[in-house]
1. Per-residue Cβ counts within 10 Å, from other chains only, averaged over B:267-276: what number is that?
2. Under unit Cβ charges (Lys, Arg +1; Asp, Glu -1), what dipole magnitude, rounded to 20 debye, does segment B:53-306 have relative to its Cα centre?
3. So for the protein assembly as shown, taking the charge dipole from beta-carbon charges (+1 Lys/Arg, -1 Asp/Glu), which of A:T269, B:S61, B:F218 sits furthest toward the positive end?
4. Determine the relative contact order of segment B:53-306: mean sequence separation of Cα pairs under 8 Å and six or more apart, normalised by residue count, in whole percent.
5. Averaged across the residues of A:179-186, what count of C-beta atoms belonging to other chains lies within 10 Å of each residue's C-beta?
6. Do the sum for chain A: with -39,500 (n - 2.57) for every DSSP H run of n ≥ 4, divided by all residues, what is the mean residue ellipticity at 222 nm, to the nearest 500 deg cm²/dmol?
7. Give the Rg/Rh ratio for the protein assembly as shown, taking Rg as the radius of gyration of the Cα atoms and Rh as the Kirkwood radius, to two decimals.
8. Among A:T69, A:T27, which comes first, then next, by fewest other beta-carbon atoms within 10 Å?
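What follows draws every value from the coordinates through simple rules; no lab data is involved. Computed from a prediction, not measured in an experiment: that's the story for all the values here. Note that each Cβ is placed from the backbone with ideal geometry, even for glycine, and that neighbours are counted across all protein chains shown.
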Amino acid sequence: MAAALGLAGCSAGPQSNSDKNSGTVLTMSGWADDKVAAALITKFEADNPGVTIKYTGLPWPGINTQINTELVSGTASDIVVVFPGNGGPITAQTLAKGNYLADMSSSKWVSNYNDANKAVMGVDGKILMGSNAFTIIPAIYNTQALKTVGATAPSTFSEVLGLCGIAKAKGKVAYALGGVAGGNYPYLPYALAASLVYGPNPDFVAKQAAGDTSFSDSKWTTVLEKYRQMVDAGCFTADATGTSLDVAQGQVAKGDAIGMVAVSPQIKTIEGKAPQGTTFETAAFPATDNKSETILPVGLGAGYGVNAKSKNIDLAKKFVDFYLSEAGLKIALDKGSLFPSAPVEGYTPPADLAGVAEQARGEKTSSFPDQTWPNASVNQSYTDGLQSFIGGKSSAADLLKQMDDAFKG
Amino acid sequence: MALDTAVRRNEAPVKKRRRYRGFAHSVWWFVIPAAALYVFAVVYPSLRGSLFAFTNWDGISQNPKWVGFDQFARIWSDPNGLTSIRNTLLIALAVTVIQNIVGLLIALAVNSRIKSRDILRVLIFAPVVITSIAVGFLWQNLYTPDGGINETLEAAGLGALRQNWLGNPDTAIWCIIVVVFWQFVGYSMVIFLAGLQGIPEEILEAAAIDGAGPIRRFWSVVRPLLAPSITINVMLSLIGGLKLFDQVFVMTQGGPGGATNTISTLIYSNAFSLGRFGYAAALAVVLSIFVAVASVIQYRLLALQER
């Protein structure tokens, strides 16, 4: 029975042609049902006769614990999913503590990333992972719902509050909010903090790490004040703390909510829930009444790293090089919708990202705050505390103090 | 000859002595393979895992540092730690009391000669066979603000009773207790039913003839004879309640704002999300002690009752 369960536990993922080749076998642990990975593997095997990639697809959130446990026990695949930043079981900086990932600093694709990206891709100057896509946190609007209420995507914070009033008057919700664990509720403060904290103060992260500033002493207080303003103005889903992400997405898809602030990969999910003919548009979420001050949060998505104990390190690195090459990016764009981390000839952003694509490539962007936090406790304090804050059970000062205490370790 | 017979009659019967065959021929040899597997798969990992409770291991670094009882002390200074202990004890006690009382009442009802009692037994027991993960998702859906429960209340004209069931820290923990009760009350019912069916009818008839009413018959005749069933049920529901994880993780992940964290969910989040393996191990040791103490106390109290 245990053997049957063990076999059943091997997720269905891209099948390799291992029956035909008896040469080098590379192992890879990635996402379950990942069509992009399947296409990349097929092409890589075709270009490298004698090489077979044995792929294991893992679902979220089990992928965290599985890859983490395998790396610690020395049984991990040659190529593994790695997240940028710190504070998670398989983030680059967490895994760096045990030297579990191979250094890829000399790879050609490293120059495609700016300094802010490189800072979260490794530690002490080493590059430990690469990602083929950026994740953006825009406001995602149902275009038809906007037209129904006679509004356009807000470009100032006053317009945001105005949209909330208009939507409420028409019996709709301005911004769908999933306040249950795993929901989109942490993203709006990130969008506000990009314009109020990290954009205007590019050295905020360094100062915080040095102990010269803190969440409580910064404009994070303004971030949470504005969030509270929106809660009190009825901008969000009623009973948001009991609403799941799935329900919130459904509200936007059907037009019961005008929009939501979420990560860009969720646009496809929302589109999948929407009636035929529904279109969506994105815009940077404003934090002030000065449009030029709006900064867009853009962060690296999850990518791949190479197991430092792999017996085929060079071949594994070769795959990652291919994954991040222009050819690999084109395959990924063909199979999935993403915002590539490097320029791709002929790439046109999908219509639903047109509102933020240009800004995402420019200077008015800022990394995700959680990718710069020193440990996972900060994120835990933030997400737990924000739920209490939204529900009116705690104050902004309490939340920021908890985050500061967690930041100190 | 008569004297010989008399002597033989007065002599104690001679016991047949068993030949001592030595350990080599002892039945304990048959236990060794299973015992070895048990030590390898359960005892050794448990002891080794417990040692991490005295270190600051983050689950990743190569060289954990010995910190003595610091991780245990942390439990009492960590607001999440105290909340999780409180929630764990609340769930365990509430589930034990409510599930066993209602389970017994249902068992008494379906043990009577009502029509459709067989169907009722099956329907009440059915949730037991559903996996806890599936139960969690099912009830999470029902509890959402626009879910089945609130919609039913609206339809029945009780819209004023609508709640943000899982989003309100005050109601979320009780929602979880209801789910656990719903899933396992059939389990208690079945055990009580087996106990009830083992009580001889003649004893009950005799009590009735002596003038004992239904309540008196239950309290003075049925309840004492049900003591073994009560022992088993209370022990199982107490232990199950103390180590509850699946339903909490699926429905709330310990939220909102940590309000429904139990020791089990805190162990999981500290070990696998926060990189505090040593602290998680300390929590696990504390939970094991809770379970062991609760089991021993409850077993001894009920053993007294059985006598």
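1. Details: counts 0, 1, 3, 3, 3, 10, 10, 10, 11, 3.
Averaged over the peptide's residues, the number is 5.
2. Details: 14 positive and 14 negative charges, 51 e Å.
The dipole magnitude comes to about 240 debye.
3. Final value for the positive-end residue is B:F218.
4. On the way: 334 pairs, mean separation 80.4, N = 254.
About 32 percent, as a whole number.
5. Details: counts 5, 9, 7, 2, 1, 0, 0, 0.
The mean count of partner-chain Cβ atoms within 10 Å per residue comes to 3.
6. On the way: 17 runs with 164 residues, N = 409.
That calculation yields -11500 deg cm²/dmol at 222 nm.
7. Working: Rg = 31.2 Å, Rh = 29.3 Å.
Reported Rg/Rh (Cα atoms, Kirkwood Rh): 1.06.
8. Values: A:T69 14, A:T27 20.
Final ranking by Cβ density, sparse to dense: A:T69, A:T27.
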